[in-house]
Amino acid sequence: MRPNELGENILSIWNERVASIRKLYKHVRTVVLIKSDDLLEAAVFEFETILYRAENFRWQWNERTNLEGFDKDSKQHIFTWQPHGSQFTIIEVVPDDILAIRIKQPPQVDRDDILKAIKFDDSWIEIIK
């Protein structure tokens, strides 16, 4: 199957899913959560979930054998489909007005203090093998 034909099929699946949920709900939003590697920082934003006109995009394979969709007018990379993982990614610009939080690293809890606080007893555990 040619890249553009496959891309049209992928967008068709996306649009069908969005259309079916829009039959039930007037407003359909996508929420994006961005987390740092240490999970101490997070940011969130949302936007209206939309349908995409297949004729507005061109598709090509990249060096990792993922299919990428580009806006024909702006030439901007908008979609990536990874066939080996069946993952479809829509690339969004992170807005300036995101909600961002940072969690203070909690102090390390001493294991012996916890065991003492719960009045741990070795009889709670039986080694069976």
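Laid out as a table, the results:
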read-out: Candidate set from the range 30-52 (those that are over 13 Å from the mean Cα position of the chain (by Cα), charged (D, E, K, R) and not in a loop (DSSP other than H, G, I, E, B)); member that is farthest from ALA19 (Cα to Cα); value: GLU41
read-out: Counted residues, the range 91-123 - those being in contact (Cβ under 8 Å) with a residue 24 or more places away in the chain and either of a type in the set (A, V, I, L, M, F, W, C) or assigned to a strand (DSSP E or B) (or both); value: 7
read-out: Only one of ILE34, ILE21, ILE10 that is loosely packed, with under 13 Cβ neighbours inside 10 Å and touching a residue at least 40 places away in the same chain (Cβ under 8 Å); value: ILE34
read-out: Residue that is farthest from LYS35 (Cα to Cα), among those in the range 77-89 that are surrounded by 12 or more Cβ atoms within 10 Å (Cβ to Cβ) and out of contact with any Gly (no Cβ under 9 Å at 6 or more places or on another chain); value: PRO83
read-out: Count of residues meeting criterion [free of Cβ contacts under 8 Å to residues at least 12 places away in the same chain and under 24 Å from LEU99 (Cβ atoms)] in the range 40-80; value: 0
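Any read-out appearing in this document is the output of simple, stated calculations on the displayed coordinates, not a laboratory observation. Source: prediction; values computed, not measured. In this analysis, Cβ positions are derived from the backbone assuming ideal geometry, glycine residues included, and neighbour counts consider all displayed protein chains.
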